[in-house]
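Step one of this worksheet: look at the structure below.
The values are calculated or read from the model by the stated rules, or taken from the named source; none is laboratory data. Please read these numbers as outputs of a predicted model, since none were measured by experiment. FYI the Cβ positions are ideal-geometry reconstructions off the backbone, even for glycines, and counts take in every protein chain you see.
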Amino acid sequence: MLPTSPIVRALRAAHVHDASRAELLQLACDRLRGLGAPYTSVYAYMLHDGELVLEAFAGRETEHTRIPVGRGVCGTAVATGEDQNVPDVAAVGNYLACNLETKSELVVLIRRGQTTLGQLDVDSDVPAGFTEPHHRAVKEIADALAVLL
Ligand code: SME
């Protein structure tokens with residue numbers, strides 16, 4: 001088991017202390033990235049009127065601050081309702097590149113019941129960086145955010 005529970009505990013503690021939505025999303029991005037490889041950069045995109053809007057990130061800056069549903073790996077996750085674990089971003093036709101270093105990507109939806117609120121998008125410089133335990137770890141954080149936001 002990867003050390004994710006401390007992140008969820010930190011989110012709950014911050015929420016109890018009246019942390020804002022922006023602070024909770026920033027905390028999730030910072031702490032996930034703080035785990036180190038394969039978490040190179042972490043982005044919190046939240047859904048606003050059919051568009052994913054970047055509300056927080058940790059790591060490399062991205063030019064993709066707004067992504068329409070259906071575009072890229074991020075938009076595909078929302079359109080299909082499925083998390084996306086992409087071992088090789090170069091093999092994906094509609095991938096939206098942020099930089100040349102990213103090799104793999106994991107997108108985990110933040111869902112409250114049937115409603116998609118947004119997603120955590122993690123880039124990795126490691127090829128095929130994300131295993132099922134990584135997916136479960138990020139999902140635990142996404143599920144916590146769904147309740148706390
Ligand atoms: N690669 C994503 C775009 C977001 S950046 O990785 C931060 C995509 O294909 O949707």
Output yes when any residue across segment 15-28 is touching a helix residue (DSSP H, G or I) at 6+ places or on another chain (Cβ under 8 Å), in contact (Cβ under 8 Å) with a residue 12 or more places away in the chain and not hydrophobic (A, V, I, L, M, F, W, C), and no when none is.
yes
Counted residues, segment 1-49 - those being assigned to a loop (DSSP other than H, G, I, E, B) and closer than 25 Å to T131 by Cβ:
10
Result of the Cβ filter at 7 Å on segment 58-74, keeping first residues that are free of Cβ contacts under 8 Å to residues at least 40 places away in the same chain and within 21 Å of A37 (Cα to Cα) and partners that are more than 9 Å from the ligand (Cβ to nearest atom) and not in a strand (DSSP E or B), at least 6 apart or interchain, is A58/C29; A58/D30; A58/R33
Output the residue which, of all residues in segment 1-47 that are among the small types (G, A, S) and farther than 19 Å from L117 by Cβ, is modelled with the lowest pLDDT.
S5
Could you go through segment 34-50 and let me know if any residue there is touching a strand residue (DSSP E or B) at 6+ places or on another chain (Cβ under 6 Å), of a type in the set (G, A, S) and more than 9 Å from the ligand (Cβ to nearest atom).
yes
Show the residue pairs meeting these rules: Cβ distance below 7 Å; 6+ apart or different chains; first residue within segment 114-133 and among the small types (G, A, S); second residue surrounded by fewer than 19 Cβ atoms within 10 Å (Cβ to Cβ) and part of a loop (DSSP other than H, G, I, E, B).
A128/P87; A128/D88
